[in-house]
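**Student:** Before we start, here is the structure in question, set down as structure tokens.
Only the coordinates and a few stated rules stand behind these numbers; no lab work does. Computed from a predicted structure; not experimentally measured. Methodologically, a virtual Cβ is constructed for each residue, glycine included, from the backbone with ideal geometry; neighbour enumeration extends over all protein chains shown.
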Amino acid sequence: MIGIAATNALPTMAPWGGVDKILGINPLAVAIPAGEEDPIVLDAAFSGSSHGKIRVYQQKGEHIPPDWAFDADGHPTTDPAAAINGLLQPIGGYKGTGLALVMGVLSTLLSGASYGTELGNMVDGPQAGNDGHFYLAIKVSAFVDLPEFKGRVDTIVRQIRNGRKAFNASRIYAPGELEARERPPLSPGRHSAQRGDARRYHPLGRRDGNGSLNNPRQVARGDARAILR
């Protein structure tokens, strides 16, 4: 399976060219299975930084990079206080705000959840229970041979890793590769809990009179490598 997920977030950005804080950074995550290599896993929001990182700089009394935030009037700022009262900068200019808008629409309007300012704000917080999410699973074998697909993903990952390095780079990583090496393993209890949730909430699961799933194969694992292989 290829997994795609998105979610809505409290408004911290403005549409490109505006200054009204009506757009969330609305992250997107995509996981693509590989064969011998780690899966390609991209998990990213559409802002240059986050309020949490900016607050860390504020606590240290340091300036933030100039491409992280705007002040309330839309000017780029390196002042953490002005950034917190202002707007997060999108990645890629208008492309970032466009992608954030689309992720927000997919995450909320299809389910009746709260979009943008309907959800709340960074001062008062979100309205509990009104978050929205979007999930899409693509069965690779419905389109192409799965081992062949995974082998081609392996080739792409190795092509990235073996490419010529910039002057200040010691290694080139595919998305998710570095995190796969640094993340701590799931505890047995957490792994078991995630498997239980997958059984309980799987949208295609069919339950018998006792509430048990009739198809035990419809179980997702908590570990990304196990999910994708």
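**Student:** If you rank 122, 103 by fewest surrounding Cβ atoms within 10 Å, what's the result?
**Tutor:** On the way: 122 14, 103 23.
By the 10 Å Cβ count, ascending: 122, 103.
**Student:** When Lys and Arg each count +1 and Asp and Glu each count -1, what net charge do the other residues less than 14 Å away from residue 156, Cβ to Cβ, add up to? Write down the numbers at each step before the final one.
**Tutor:** Numbers: positive: 150, 152, 158, 161; negative: 36, 37, 38, 148, 154, 177.
Around residue 156, the surrounding residues sum to -2.
**Student:** Say we join alpha carbon atoms closer than 10 Å with springs in a Gaussian network model of the chain; which of 20, 124, 145 then has the biggest fluctuation?
**Tutor:** Among 20, 124, 145, the largest mean-square fluctuation in the Gaussian network model of the chain belongs to 124.
**Student:** Quick check: net charge around residue 178, other residues with Cβ under 14 Å of its Cβ, Lys/Arg +1 and Asp/Glu -1?
**Tutor:** Charge balance near residue 178 sits at -2.
**Student:** What number comes out for the charge environment of residue 42, summing +1 per Lys or Arg and -1 per Asp or Glu over other residues with Cβ under 14 Å away? Working shown, then result.
**Tutor:** Numbers: positive: none; negative: 38, 43, 177, 179.
Once positives and negatives cancel, what remains is -4.
**Student:** Here's a follow-up. Step through the residues of segment 66-76 one at a time and calculate ³J(HN,Hα) from phi using the Karplus curve (6.51 cos²θ - 1.76 cosθ + 1.60, θ = phi - 60°), rounding each to whole Hz and writing x for Gly and Pro.
**Tutor:** x, 9, 9, 8, 10, 7, 5, 9, x, 8, x
**Student:** While we're looking at this one, here's another question. As I understand it, the dipole of the chain uses +1 on the Cβ of Lys and Arg and -1 on the Cβ of Asp and Glu, about the Cα centre. Which of 170, 89, 34 lies farthest toward its positive end?
**Tutor:** Toward the positive end, the furthest listed residue is 34.
**Student:** How far apart, in nanometres, would the label points at residue 36 and residue 173 be if each is projected 7 angstrom from Cα along the Cα-to-Cβ direction?
**Tutor:** 2.2
**Student:** Under the Karplus relation 6.51 cos²θ - 1.76 cosθ + 1.60, θ = phi - 60°, what is the ordered set of whole-Hz ³J(HN,Hα) values for segment 102-114, x standing for Gly and Pro?
**Tutor:** Result, rounded to whole Hz: 4, 4, x, 5, 4, 7, 10, 5, 6, 10, x, 6, 8.
**Student:** Would you mind telling me which residue in 168, 121, 85 has the biggest mean-square fluctuation in a Gaussian network model of the chain, where springs connect alpha carbons within a distance under 10 angstrom?
**Tutor:** 168
**Student:** Which of 123, 30, 153 moves most in a GNM of the chain, Cα contacts under 10 Å?
**Tutor:** Its mean-square fluctuation being the largest, the pick is 123.
**Student:** Going by how many other beta carbons lie within 10 Å of each one, how would you line up 43, 79, fewest first? Kindly include the intermediate steps, with their values, before the conclusion.
**Tutor:** Working: 43 13, 79 16.
Ordered from fewest to most neighbouring Cβ atoms within 10 Å, 43, 79 come out as 43, 79.
**Student:** Long-range amide H contacts for residue 49: which residues qualify at under 5 Å (H placed 1.01 Å from N, peptide plane, sequence gap of 5 or more or a different chain)?
**Tutor:** Those qualifying (amide H under 5 Å, at least 5 residues apart or on another chain) are 89.
**Student:** So if I take the alpha carbon set of the chain, get Rg, then get Rh from the Kirkwood formula, what is the Rg over Rh ratio?
**Tutor:** Working: Rg = 20.5 Å, Rh = 20.2 Å.
Here Rg/Rh amounts to 1.02.
**Student:** Residues in segment 49-78 near a label at residue 19, defined as backbone nitrogen under 20 Å from the 7 Å Cα→Cβ point?
**Tutor:** 66-78
**Student:** Continuing with the same structure: Say R0 is 45 Å: what FRET efficiency, to the nearest 0.05, do residue 142 and residue 60 get from their beta-carbon distance? Mind dumping the intermediate values first?
**Tutor:** On the way: r = 51 Å, r/R0 = 1.13.
The value I calculate is 0.35.
**Student:** Out of all DSSP beta bridges in the chain, what portion is antiparallel? Express it as a percent rounded to 5.
**Tutor:** Numbers: 24 of 24 bridges.
For the chain, the DSSP antiparallel bridge percentage is about 100.
**Student:** Something else now. Of the listed peptides 5-14, 183-192, what is their order by residue-averaged count of other C-beta atoms within 10 Å, with the highest listed first? It would help to have the intermediate numbers written out before the result.
**Tutor:** Numbers: 5-14: 23.0, 183-192: 10.5.
Descending mean neighbour count gives 5-14, 183-192.
**Student:** Can you spot the lysines whose alpha carbon is less than 20 Å from residue 53's alpha carbon? Ignore those fewer than 8 places along the same chain.
**Tutor:** Within reach: 21.
**Student:** Starting from 0.36 nm per residue, how many nanometres of slack lie between residue 124 and residue 161 once their C-alpha separation is accounted for?
**Tutor:** Details: separation 37, 0.36 × 37 = 13.32 nm, distance 4.47 nm.
Using 0.36 nm per residue and subtracting the Cα-Cα distance, I get 8.9 nm.
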